[in-house]
Structure formats: structure tokens, C-alpha cells
Amino acid sequence: MILIKAGGSAITDKKVPFSIKDEALAELAAALRDTEEDVVLCHGGGSFGHPLAARYDVCGAITSKTQREGVARINVAMRTLSNRVCEALNEGGVNAFALQTSAVMTTREGIIDWSNDDLIRQTVQKGFVPVLYGDAVHDAALSFSILSGDQIMLHLARTFPGSRAIFLTDVGGIYTTDPKEDADAQRIDHVTFGRLPFIEAGGSGDVTGGMRGKLNEIARFGDAVEMVDIIGLGEPGALARTLRGEHVGTRITR
Ligand code: ADP
Ligand code: IPE
């Protein structure tokens, strides 16, 4: 199984609310159409999820009327983004089948405590690409919480042993520092899971922690997968080459 996280930065412009990168979605569709592998796709909230989470303070316990309005708006926005992603995939020849994350996963204090893994598995077995996404989900302690696509990927990696995981973002991998802030930042071609916590990475101000949150999550993949690749979706052919096994961006191994 290949587990792919299309980061919000890869498929939307995080600086422009409700923007979509159509070319990136076409690139994703082309690469998925041409692979024989079983794939589970998960995408981030990007310009649909994060601005709403920030504006309505959807973070920690959901107790206020404003926060509940935020949860309701995120529920709609994420289904809209999921529809746009699935439409682009279907147009590009990939049979995508969306699974609304908040209907198949729940959390307790922000950590997944239930997931309908059988439905995900069945969707793959029937020849579809299940599409999950970071979402506002029911939480046993907090009422609702924002579940990141990165945490969903960790859950999938543990659920489907022997998988490969690929993270698509708007930069070509992990760099020594944020490449958008530092012109001298160098791409790190290879790193071990254990070294990830020591890499300098920004939080982007996102509720789910940006690149820092992503690296902290991926540091925990080592017990579930042999290898994680982080690559840029904007680089034409990069995903197709990674799916063929080539080392394109940053490769993380044990
Ligand atoms: P996504 O939305 O794709 O899941 P994020 O927006 O959370 O990803 O993180 C990607 C962003 O992280 C990049 O656009 C980059 O500017 C920033 N970043 C911060 N530190 C680093 C780093 N050390 N290496 C790569 N990118 C970094
Ligand atoms: C966040 O998911 C989901 C919402 C804000 C609703 P992610 O944390 O996986 O999103 P990206 O990839 O950073 O955009």
C-alpha cells in the first residue's frame, strides 16, 4: 500500500483563503493514474481549513458559540475541498472515493481513538482510491478537535503494515531551515526518523503545527514503515518518479 498525504500547501495557496492549485491536482491525478499500486490518499486543510480554524479559534476544548460556528464552517469547507480534489482526480482518470473523515474517525484529546479501518480497506479492495482529509472531528474530551492529515497518515501506516508513505508539500523536501525564509537553506536528502526532532522547522502558525508538527508526527513512523519520502508536488514528474521508487526529495529511513 502507498499512503500519500497531499499537504494543504501543495494543493492550495495557504495565503489566499479558499484557493486551489489546479495544476498541482492535475499533476497528482496524472501520477496516480499511472501507478499500479494500491493507494490511500489523505489531504490537508490548507487554505480551506486553517484560516477558519484561526478565525474561529477552533483549538483546545470547543465550548463557545463562536468555536461551534467554526467547527460547522470547517465541516463544510473541508467537504468542499475534498469534492474539488476528488473531481480533479476523477477527471484525471483516477477513481477517487471520498470518506468524510469526521464520519470514519474520532479522537480523544486530539489523538485518534476510533477509525473505521475496514471501510478504508474495502474501498481499496474494490479498486478505488479512498480520500481522507484533515478535519474537525468528534472528540471524547474536547467536543471536537482538529485532526491533521499527518496524524491520519500515522494511523494508516500502523493499520497497513509494510506500506510506503509519501508526503507532498510546496517545497522539495526537508531543508536545514525554512527555505522560504532562508535563501541558504539546503535540502536534506536523507535523514533518519530519530534525527527529525532536531531539524529546525517552522510552525507556520497553523493549528496543527506546520512543518514542525509534521516532522514530530513523522518521527513516530519508524515502527510502522521502512521509509517516508517528502517531496514537492509542484516539481513536474516528482511524484511519478517517487512512486517508481526513485529518491527525489528527502528520504527518511530507520
Ligand atoms: P503542508 O501544508 O504541505 O502539510 P506545511 O505548510 O505545514 O505543509 O509545511 C510546509 C512549509 O513548511 C513549507 O512551505 C516551508 O515554508 C515550511 N518549512 C518550515 N521549516 C521547514 C524546513 N526545515 N524544511 C522545509 N520546509 C519548512
Ligand atoms: C488540518 O489538516 C485540517 C484543518 C485545518 C481542518 P492538516 O494539518 O493536515 O492540513 P495542512 O496539510 O497543514 O494544510
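The values are calculated or read from the model by the stated rules, or taken from the named source; none is laboratory data. For clarity, every value in this text was computed on a predicted model and none was experimentally measured. Positions of Cβ are generated from backbone atoms using ideal geometry, with glycine treated the same way; all protein chains shown enter the neighbour counts. With ligands, DNA and RNA removed, areas are computed over all heavy atoms of the protein, side chains included. Shrake-Rupley method; radii C 1.70, N 1.55, O 1.52, S 1.80 Å.
Just to be sure, is Val228 within 26 Å of Gly60 (Cα to Cα) and open to solvent by less than 60 Å² (accessible area, probe 1.4 Å)? It is false that Val228 is within 26 Å of Gly60 (Cα to Cα) and open to solvent by less than 60 Å² (accessible area, probe 1.4 Å). Given the condition open to solvent by 70 Å² or more (accessible area, probe 1.4 Å), within 13 Å of ligand 2 (Cβ to nearest atom) and either of a type in the set (A, V, I, L, M, F, W, C) or touching a helix residue (DSSP H, G or I) at 6+ places or on another chain (Cβ under 9 Å) (or both), answer yes or no: does some residue in the range 29-38 qualify? Scanning the range 29-38 turns up no residue that is open to solvent by 70 Å² or more (accessible area, probe 1.4 Å), within 13 Å of ligand 2 (Cβ to nearest atom) and either of a type in the set (A, V, I, L, M, F, W, C) or touching a helix residue (DSSP H, G or I) at 6+ places or on another chain (Cβ under 9 Å) (or both).
Scanning the range 143-165 for residues that are open to solvent by 40 Å² or more (accessible area, probe 1.4 Å) and of a type in the set (A, V, I, L, M, F, W, C) yields Phe144, Ile146. Only one of these conditions is not met by Glu23: (1) over 22 Å from Thr159 (Cβ atoms); (2) not in a helix (DSSP H, G or I). Which number is it? For Glu23, the exception is condition (2). Scanning the range 1-19 for residues that are open to solvent by 30 Å² or more (accessible area, probe 1.4 Å) and more than 10 Å from ligand 1 (Cβ to nearest atom) yields Met1, Asp13, Lys15, Val16, Pro17, Phe18.
What do you reckon, is Ile218 surrounded by fewer than 21 Cβ atoms within 10 Å (Cβ to Cβ) and at negative phi? Outline the logic, then answer.
On the way: surrounded by fewer than 21 Cβ atoms within 10 Å (Cβ to Cβ): no; at negative phi: yes.
When the stated conditions are applied, Ile218 does not pass them.
Does at least one position in the range 3-14 carry a residue that is out of contact with any Asp or Glu (no Cβ under 9 Å at 6 or more places or on another chain) and of a type in the set (D, E, K, R)? No, the range 3-14 has no match at all. Just one of the numbered conditions (1) of a type in the set (S, T, N, Q); (2) open to solvent by less than 70 Å² (accessible area, probe 1.4 Å); (3) modelled with pLDDT under 95 is not true of Thr192: (3).
Scanning the range 193-232 for residues that are within 9 Å of ligand 1 (Cβ to nearest atom) and not basic (Lys, Arg) yields a count of 14.
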